[in-house]
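Data first, discussion second: the structure below is written as structure tokens.
The values are calculated or read from the model by the stated rules, or taken from the named source; none is laboratory data. Because the structure is predicted, anything quoted here is derived from the model rather than measured. Here the Cβ positions follow ideal geometry from the backbone for every residue, glycine too, while neighbour counts run over all protein chains shown.
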Amino acid sequence: MKTQDLRYFKRFYRPFAKLSSSIERKAEMKPFIKDLMANPLLRIIFDAVNCGLVVVDEDRRVVALNDVMQRTLGVSRETTLGKRVGEVLGCVHLTGHESHKACCESTNCENCEIRKAAIHAISTNSKYATNAVVSVTVKDKIYDLSFRLKAFPFDHQNKKYAVVFIENLAKFKSVKLQHGRVVGLESIIGEHETIKELKRTVLEVAQYDFPVLIQGESGTGKELVAMAIHSESQRTHNLFVPVNCAALPHGLLESELFGHTKGAFTGALRDKKGRFELANGGTIFLDEIGDLDLSLQVKLLRVLQEGSFEKVGSIDTHHVDVRVISATNRDLQDEVRRKKFRLDLFYRLCVAPITIPPLRERTSDIPLLANHFVNLFMADHVVKTPKISKKVIDILIRHNWPGNIRELQNVIQFSLMKSKGKKIGVQHLPSYIIDESSKTTSKRRRKLTRTMVDEALQKAKGNKLKAAKLLGVSRSTLYRFFDEMKENR
């Protein structure tokens, strides 16, 4: 065979050689999985463990993983057999990301903390535990995620293996959900001191199972904070179940919360699990708790006190282990005084109170939030992400934001649609924002008089910038005043 022909042969043969090697490796691993799954007790324990669990062989290849790993990573056992753990997680060192190309070619990547844990356990034949940071890439963005790793060695048919427990795996899920949109603590955007304090409080209350009451105006992100508490808690691998107490009438809400039996009422054609039963082991989020009917408040109080309830149409008692996080935009203490909310339930729910500030009280975060929403909405588009003009940012900061962050999110989404991928200017804002800005500017201009300006200039010794600050207006507003004065002469 000629040299040129041999080169082409190798070029086209290589993919088939890799495929053949992969098939052989999977064939070798199937007996191990078969042995594992043949023992009912081991199979139950393997899939019941409430954290990521992966079995690695001497070559640091995956030979088995549990249900938590599959659900969180969105993979199957068949597609992961024979791969390296870092490859399954999407580690940047193995996916060829631009920032780590130098080290991603190695089959035994020295940067892989999971590999190190497995090797240590196998080579020393002893337990190994460590805190590790794994850099993963989701939608071409890098996230540094911290995990708690525990590796245990064992032998099977004269071969050495390590079983690796990966805790806090939901942090990976939080960045993978909604095309890389973060839903954990990182989703709370802001650098204002009140937001920093809010994040610290979330981390503190997440470590305990007592009820949390989140208070704040509509649109401030109460459900986002509740999800962050769940994500940072020990219940993170179980369900987060939201319920809007204001969205359903009393009769349906009771069935929604506690479930019902077949024939309990007209239309109950089969047994149904309630939200509390679905959230068993996890967290239930009761939004707009202030709208809950008094009769349902009694039943909710019992769940909080005893962890038990009866389904609609049943006398059987069900027991659940659920953490309750509630939220309201009402003043519950005022509702208690008006006899519309039970005092004992209020104290049960408000063990850990959290108050989210309105957007108008942290306007310094508006540029950060606006750019965050631009990046979020443009994440699935191949076009270049547009920028926001400084004039638009100034207008957004001056707006009162009665709808808070939800309103800002809608404004940015509308502006992106109007700008068609170009730089967002004032003309792309909703009309009510532009009209309000024009009225505010006109009022500010009318406040300025020649006497006021002269006095300010005298105090500032002719310095126009200082004079503008004394008048409480921008320098451009003061210059416009001078221009108008010249035109009127």
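Taking helices (runs of 4 or more DSSP H) that fall entirely within segment 41-145, which contain at least 3 residues that are of a type in the set (Phe, Trp, Tyr), at pLDDT below 70 and surrounded by fewer than 18 Cβ atoms within 10 Å (Cβ to Cβ)? Can you show your working first?
On the way: elements: 67-73, 77-80, 85-89, 92-95, 113-124.
Filter on segment 41-145 gives an empty set.
Condition check: closer than 12 Å to Val243 by Cβ and not charged (D, E, K, R). Does Ile315 satisfy that?
Values: closer than 12 Å to Val243 by Cβ: no; not charged (D, E, K, R): yes.
Considered against the rule, which asks whether it is closer than 12 Å to Val243 by Cβ and not charged (D, E, K, R), Ile315 comes out as no.
Tell me which residues, restricted to segment 257-275, are within 30 Å of the chain's Cα centre (by Cα) and crowded, with 19+ Cβ neighbours inside 10 Å.
Filtering segment 257-275 down to residues within 30 Å of the chain's Cα centre (by Cα) leaves 257-259, 272-275.
Once the filter is applied, which keeps residues that are within 30 Å of the chain's Cα centre (by Cα) and crowded, with 19+ Cβ neighbours inside 10 Å, segment 257-275 yields Leu257, Phe258, Gly259, Gly274, Arg275.
Answer yes if at least one residue in segment 379-398 is surrounded by 15 or more Cβ atoms within 10 Å (Cβ to Cβ), out of contact with any Gly (no Cβ under 6 Å at 6 or more places or on another chain) and under 30 Å from Gly282 (Cα atoms), and no otherwise.
no
Residues being farther than 18 Å from Arg406 by Cα and surrounded by 16 or more Cβ atoms within 10 Å (Cβ to Cβ): count how many of those fall in segment 210-219.
Final tally of qualifying residues: 3.
Read through the list (1) at pLDDT 90 or above; (2) part of a loop (DSSP other than H, G, I, E, B); (3) under 16 Å from the mean Cα position of the chain (by Cα), then give the number of the only condition that Lys199 fails.
The one condition Lys199 does not meet is (2).
Take the conditions surrounded by fewer than 17 Cβ atoms within 10 Å (Cβ to Cβ) and β-branched (Val, Ile, Thr) and apply them to Thr355. Does it pass?
Numbers: surrounded by fewer than 17 Cβ atoms within 10 Å (Cβ to Cβ): yes; β-branched (Val, Ile, Thr): yes.
Yes; evaluated as a whole, the condition is true for this residue.
Residue by residue, here is whether (1) of a type in the set (A, V, I, L, M); (2) crowded, with 16+ Cβ neighbours inside 10 Å holds:
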{"site": "Val202", "(1), (2)": "yes, yes"}
{"site": "Gly221", "(1), (2)": "no, yes"}
{"site": "His237", "(1), (2)": "no, yes"}
{"site": "Val241", "(1), (2)": "yes, yes"}
{"site": "Leu252", "(1), (2)": "yes, no"}
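If you take just the strands (runs of 3 or more DSSP E) that sit entirely in segment 300-366, which of them hold at least 2 residues that are among the small types (Gly, Ala, Ser) and in contact (Cβ under 8 Å) with a residue 24 or more places away in the chain? Give the derivation first.
Numbers: elements: 308-310, 317-319, 323-328, 352-355.
Because the criterion is at least 2 residues that are among the small types (Gly, Ala, Ser) and in contact (Cβ under 8 Å) with a residue 24 or more places away in the chain, the strands (runs of 3 or more DSSP E) in segment 300-366 that meet it are 323-328.
Taking Gly190 and the conditions (1) at pLDDT 80 or above; (2) surrounded by fewer than 19 Cβ atoms within 10 Å (Cβ to Cβ); (3) not assigned by TED's automatic domain parsing to the domain that holds Val55, which numbered condition does it fall short on, given that it satisfies the others?
Just one mismatch for Gly190, condition (2).
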